[in-house]
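Everything below concerns the one structure shown next.
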Amino acid sequence: MSQIKHQKPRGMQDILPVNQLLWSHIVEAYVDICQSAGIDKISTPIVESTELFNRAVGEETEVVSKEMYSFSDRSDNSLTLKPESTAGVVRAYIENGMNSLPKPIELYYIEPHFRYERPQAGRYRQHHQLGLEIFGDSTASSDVHVISLGARLFNRLGIKHKVAINSIGSSEDRQRYVKVLLDYFKNHIKDLPDINKKQLETNPLRILDSKDPDVIRLIEDSPQILDYLSPESSARFAKILELLENCGIQYQLNSRLVRGLDYYNDTVFEFVSDSELSRDSIGGGGRYDALVKHLGGVDSPAVGMGIGIERIKLELERMGTIPDATPPDIFVVAIGKNASDTAEVVRERLLDEGFKVRANFSKKSMGDQLALANKCHAKYAVVIGDREAKLQEVIIKDLASGNQQVDKQDKLVETLRMMIGS
């Protein structure tokens, strides 16, 4: 009988220990930035009702029509692994009565998403997103605040980037614009791929999101939505651009930017890598003032963003960024037949006391264990041999200077606190 070879599903990934340090580096920076701004964390289920995404994201979008992982549970309910988090956060906002809380309500999250799309660099069928949603604030300041938080993350991580920004106006603005866009593309319908011809019937704005070089050339000569904004939307957009400049956030106006989901209005933006090695989109978002009411809640303005962890990780790897691991305070060394039991008790006690501790008792020689201690940049080695175990003593070795001293085990914690200063 041949052995079965198990492999992860196509488009999925194992985040191995060698990658966890960089992953944590990204996540911890984001959490610190959000907490510094007083933003609360939220988590929503990994599955939601399929109808939630159909209604929120739009049945004609590629996300809903082609990319969702949907299934029926044992009660014949249609559930979907979430392809994005905004819909779920809005559902939680409504269901838990958060509209009654003081405004604005600012929420961040770190969640896995699932989309059945072609795997490529930085794109996985299970990917992870750093997200942020602000409810109850219709001011231009809230748009700028969201953008600035994303920019602050990239700045902290050392990622060169640009903010591409546009306004797609109100629903009335888009209706006026869609009419002229429809006329324009109908005149070029013979040059459109089948997917864009279908979009012409369902939502012509989708064509502006095409990555096809031939279609992009047509898009460059198409009418611009900024010419069809109402005075209100135009003034609001101008205020956002002014605030971005005053906050020192550089942006590029991109009148073709529409984003890929149906719920956006007015501001839409993307963070684009500006390195020599990449010009990829690494995040984005926008305003979605109608979505809360559309999903059954009380009318509430909202704005948010999402940033792919895998995209950031790829950028940092291209840059050669390797964050340093936090070195341990102590490396416990056990030498001798009876020493390892005592050393294990000492290790666990030091961990209980809050020290950062490493050990490797599978290595039998002192030289091998001290080599590991130096490799992980431990400050001190606590050495226990058979003699020390019998006498309830330890040898404390300063790995930088080589100096060492003998101490009683019951005094070890006090001594190390004085030496380490904690």
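What follows is calculated from the coordinates using simple rules that are stated; it is not laboratory data. Not measured: the values here are computed from a predicted model. All Cβ positions, glycine included, derive from the backbone under ideal geometry; neighbour counts span all protein chains shown.
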> For labels at residue 37 and residue 203 in the simple 7 Å Cα→Cβ model, what's the distance in nm?
Replying inline: 2.5
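At 37 °C and a viscosity of 0.692 mPa s, what translational diffusion coefficient does Stokes-Einstein give for the stretch 59-100, taking Rh as the Kirkwood radius over Cα pairs? Give it in µm²/s as a whole number. Walk me through the numbers on the way to the answer.
Values: Rh = 12.0 Å.
Roughly 274 µm²/s, to the nearest whole number.
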> Hey, could you pull the Cα Rg and Dmax for the stretch 330-420, both in Å?
Replying inline: 11.6, 31
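Over 23 Å between Cα atoms: which of 379/408; 41/162; 103/293 fall into that group? Show your work: numbers first, answer last.
Working: 379/408 19 Å; 41/162 27 Å; 103/293 16 Å.
Over 23 Å Cα-Cα: 41/162.
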> Taking amide H positions as placed 1.01 Å from N in the peptide plane, with prolines and chain starts having none, which residues 5 or more places from residue 385, or on another chain, fall under 5 Å of its amide H?
Replying inline: 335
> Peptides 17-29, 350-362: what's the order by average Cβ count within 10 Å, highest mean first?
Replying inline: 350-362, 17-29
> What list of ³J(HN,Hα) couplings, whole Hz, do you get for the stretch 72-82 from phi and the Karplus terms 6.51, -1.76, 1.60, once you set θ to phi - 60° and write x for glycine and proline?
Replying inline: 9, 7, 6, 9, 6, 8, 8, 10, 9, 5, 5
> At each listed q (0.12, 0.13 Å⁻¹), what is the log10 of I(q)/I(0) that the Debye formula gives for the chain modelled as equal alpha-carbon point scatterers?
Replying inline: -1.01, -1.12
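Run lengths n ≥ 4 of DSSP H only: what is the helix-derived mean residue ellipticity at 222 nm for the chain, with -39500 (n - 2.57) per run over all residues, to the nearest 500?
Values: 14 runs with 159 residues, N = 422.
Value at 222 nm, helices only, nearest 500: -11500 deg cm²/dmol.
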> With each pseudo-label sitting 7 Å past Cα toward Cβ, what's the residue 156-residue 391 distance in nm, one decimal?
Replying inline: 4.9
>> Residue by residue through the stretch 87-92, what is 3J(HN,Hα) from phi via Karplus (6.51 cos²θ - 1.76 cosθ + 1.60, θ = phi - 60°)? Round to whole Hz and write x for glycine and proline.
In response: 4, x, 5, 4, 4, 5
> Can you list residues whose amide H is under 5 Å from residue 169's amide H, if they're 5+ apart or on another chain and H is modeled 1.01 Å from N?
Replying inline: 266
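Would you kindly state how much longer the chain becomes between residue 420 and residue 365 on full extension, computed as 0.36 nm times their sequence separation minus their alpha carbon distance, in nm to one decimal?
On the way: separation 55, 0.36 × 55 = 19.80 nm, distance 2.62 nm.
Additional length available on full extension: 17.2 nm.
Under unit Cβ charges (Lys, Arg +1; Asp, Glu -1), what dipole magnitude, rounded to 20 debye, does the chain have relative to its Cα centre?
Working: 53 positive and 61 negative charges, 240 e Å.
Dipole magnitude for the chain comes out near 1160 debye.
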> So who's got an amide H within less than 5 Å of the one on residue 356, skipping anything under 5 residues away but keeping other chains? H placed 1.01 Å off N, in plane.
Replying inline: 329, 330
> Within the stretch 157-188, whose backbone N sits under 12 Å from a point 7 Å along Cα→Cβ of residue 230?
Replying inline: 169-176
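What does the net charge come to around residue 99 if you take all other residues with beta carbon closer than 11 Å to its beta carbon, with K and R at +1 and D and E at -1?
Numbers: positive: 103, 293; negative: 95, 299.
My count for the surroundings of residue 99 gives 0.
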> Cα-Cα pairs above 23 Å in the stretch 2-86: how many percent?
Replying inline: 51
> Where does helix 140-157 land angle-wise versus the long Cα axis of the chain, in degrees 0 to 90, nearest 10?
Replying inline: 40
